[in-house]
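Here's the structure we're looking at; comments come further down.
The values are calculated or read from the model by the stated rules, or taken from the named source; none is laboratory data. In this text the structure is predicted, and so the values were computed from the model without any measurement. Note that we place each Cβ from the backbone using ideal geometry, even for glycine, and neighbour counts take in every protein chain shown. Each accessible area value is taken on the protein alone, full model and side chains, heavy atoms only, with ligands, DNA and RNA left out. Shrake-Rupley method; radii C 1.70, N 1.55, O 1.52, S 1.80 Å.
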Amino acid sequence: QVQLVESGGGLVQPGGSLRLSCAASGSILSIGDMTWYRQTPGKQREFVAGVTRLGTTYYANSAKGRFTISRDNTKNTVYLQMNSLQPEDTAVYYCKAQIVQVGGADRDPYWGQGTQVTVSS
């Protein structure tokens, strides 16, 4: 039983900032890559940013220079600091984690339920 819970979404004006959090809980042995995706109605879910277990980060072009992903392995939590937000960033943001459960051997993907980010005047 593994669960991912996102938090930190909300309504901000253009140019504002938000920090999203995603905490994994349950019978977890280890977590590989943790990533953030976003999705708006009628569009495919798109990759935003990712971070490996050892801290290597990678970003979509739309996020480079504005967003920063980080993680705290002691808390099984990944963060997404979002600055200079624009209306185009409006979406439901989901975190995904590759998790090895206690008693397991392979990493399986788990998704959170999402947190709404709305950028509007």
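Summary table
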quantity	calculated
Hits in region 101-121 (condition: of a type outside the set (Ser, Thr, Tyr) and either open to solvent by 40 Å² or more (accessible area, probe 1.4 Å) or at pLDDT below 95 (or both))	Gln101, Val102, Gly103, Gly104, Ala105, Asp106, Arg107, Asp108, Pro109, Trp111, Gln113, Gln116
Number of the exception - Arg19 against (1) open to solvent by 60 Å² or more (accessible area, probe 1.4 Å); (2) free of Cβ contacts under 8 Å to residues at least 60 places away in the same chain; (3) over 30 Å from Ala105 (Cβ atoms); (4) among the charged types (D, E, K, R)	(2)
Unique residue being of a type in the set (Gly, Ala, Ser) and touching a Lys or Arg at 6+ places or on another chain (Cβ under 9 Å) when the list is Gly42, Gly32	Gly32
Residues of region 29-57 that turn out to be part of a strand (DSSP E or B) and open to solvent by 90 Å² or more (accessible area, probe 1.4 Å), as a count	1
Count of region 58-78 residues which are surrounded by 14 or more Cβ atoms within 10 Å (Cβ to Cβ) and free of Cβ contacts under 8 Å to residues at least 40 places away in the same chain	11
